[in-house]
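Below is one structure; the comments refer to it alone.
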Amino acid sequence: MHTIRRHSVSILVGLVVATAAHTAFAQEQPTSTPPVTSTPTAVQTATNASTIGAAAGGTDHDRVLNQFAIRYFGQIAGPGVMGALGVPVHNIGMRYWISRMIGIEAGIGLAFSTTSVAGAGSTTRFGYAITGGVPINLAATQHLAIHVIPNLTFGMPTVDPLVTVLSVGADAAAELHFGFIGVPQMSLQARFGLNVNLLATNGVTQFGFGTTAGSGSNVWDVIAASVAATYYFGR
């Protein structure tokens, strides 16, 4: 009888100990915390949308942003360098769009001419013209961009008497990109503008006012002074 009682007490104590251990282990288990998800703010959403839009390039003008371009500025019109040399000065340079609205451009042109007179020998003339501008994009469609371009041109031919010309003006320009044939990097630009010319010869300064539509009387002179080509490097 004593043996049976001892076994019963031992079994009861074992059950109590097991129950207490299981309860303590369950209390020590760490509770799982659901992961915290961050919701993008309005600023982040707008920034991402802006980045995606710039990368996609909605228009041909958007696709050439932040790319260097080689640009033919056309013939430098006016009575300065071209009048002194007797031949037109054609400027070639670079353009770069800093943003969708603002760009910078600069170019240089060289001219060379030789005149021969019977019995008097020949006269060689050399001159240059430097031009710079800040194109401002006003509007853009899929393949066409409209700009206003304030510009400055300085020229000096090596002739006697020495002539210095300074031209300040602004152009209205329409740039047509060839994205419709899969080449948005290529464009033609037609411009028309007004400028003020300062012409200095042997201490005598003259002021003139004119347009950038060319100084010749034929159609080719007008086209050469008004139409320019640009090619943008990059994607």
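A few points about this structure:
- Residue within segment 165-188 that is modelled with pLDDT under 90, crowded, with 17+ Cβ neighbours inside 10 Å and not in a strand (DSSP E or B) present: no
- Test result for ALA145, surrounded by 15 or more Cβ atoms within 10 Å (Cβ to Cβ), under 23 Å from THR59 (Cα atoms) and in contact with a helix residue (DSSP H, G or I) (Cβ under 8 Å, 6 or more places away or on another chain): yes
- Scanning segment 208-235 for residues being modelled with pLDDT of 75 or more and part of a strand (DSSP E or B) gives a total of 6.
- Contacts under 8 angstrom Cβ, first residue in segment 134-146 being farther than 10 Å from GLN189 by Cβ, partner of a type in the set (S, T, N, Q), 6 or more apart: VAL134/ASN151; ALA140/THR59; THR141/THR59; GLN142/THR59; HIS143/THR59; ILE146/ASN137
- Only helices (runs of 4 or more DSSP H) whose full extent lies in segment 21-136 are considered here, and the ones with at least 3 residues that are farther than 30 Å from GLY182 by Cα and modelled with pLDDT under 75 are 42-56, 81-85.
The values are calculated or read from the model by the stated rules, or taken from the named source; none is laboratory data. Note that this is a predicted model, so its numbers are computed, not measured. Every residue, glycine among them, receives a Cβ derived from its backbone with ideal geometry; neighbour counts consider all protein chains shown.
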